[in-house]
Amino acid sequence: MTPLLEALHALDQEWHGLVPAAAKILLIIGLAWALQHLAAQVIKSFHAYMARRAPGMVDPGRVQTLERVFRYIATVVIALVAGTLVLGQLGISIAPILATAGVAGVAIGFGAQSLVKDYFTGFFLLLEDQIRQGDVIQIGDKAGIVEEVTLRYVRLRDLDGYVHFLPNGEIKSVTNRTRDFAYAVVEVGVSCTENADTVLEIMRTAGNSIRTDPAFARCVQEECEVIGVERLDGSALVLRARLKVAPLEQQPVRREFLKRIKTAFDAQGVQMPAPAIAIQSGDAGTSRTGRPRESAGR
């Protein structure tokens, strides 16, 4: 009878020891659930903050991708911490588990370096808002419209309709041609005998006339900026000016700018640089260049 009483007493002591452990485990699980819910609310408020900060400029695809990444990171961290605490309450040593996980992590890291690099680079591309869906960009020798940005790759469609998938880990630099504004830059060569100030004023007037034209008013954002004399190129005086325009509008505006400059030059008699000609010497087999000269009799 005594052994039975001792066994019941030991069982009672063990039961009283398990009740506080079970309560602690339930408390840990409850705290983990509450932290997960709090993390979800914080991530939702992040989306609202981005929308308030730049109304109409937030890329939904970018924000949704970042939300998934943050939610996944929060879930993994909370689950690992809660699982470690629960195992500790059950009396299971987590040191061997952590050592095994560390060795496995190192092995996976060496075997999937390029994949990990793609994900890290893609995360910062999205976080820093370097690329948005619909942008026209150039990465290396590939250029086109961004159709999709993920943590793994950027999908581009070029002017010929071909689709390029560029791994994020291979992106070294990005040229974004549609961010905020662009410049329609023109360089015009005139004869060195022309007055530079007069020609620059003609270019300014031509540029400002584009800005007041209803067909181009939505494209041109500021008045014409005359940069000045760019260089002396033989018999030509090269002048430069530019217009600040909306993204992707620089080429149509530039063509119209050049057209109006040519019309104004013709109307005011501004001379273009004289063309060079090549003179072939039949005796020496050599050639030289120069401008056409008037005959001695004139």
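Overview of results
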quantity: Subset of segment 245-257 [of a type in the set (A, V, I, L, M) and closer than 12 Å to S209 by Cα]; calculated: V253
quantity: Any hit, segment 110-128, residues being outside any helix (DSSP H, G or I) and modelled with pLDDT of 70 or more; calculated: yes
quantity: Among the candidates V154, V186, V229, residue that is β-branched (V, I, T), assigned to a strand (DSSP E or B), touching a residue at least 24 places away in the same chain (Cβ under 8 Å) and under 30 Å from E67 (Cα atoms); calculated: V154
quantity: Subset of segment 232-262 [within 21 Å of M272 (Cβ to Cβ) and in a strand (DSSP E or B)]; calculated: L232, D233, A236, L237, V238, L239, R240, A241, R242
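The values are calculated or read from the model by the stated rules, or taken from the named source; none is laboratory data. A quick note: this is a predicted structure, and the numbers were derived from the prediction, not measured. As a convention, Cβ positions derive from the backbone with ideal geometry for all residues, glycine included, and neighbour counts pool all protein chains shown.
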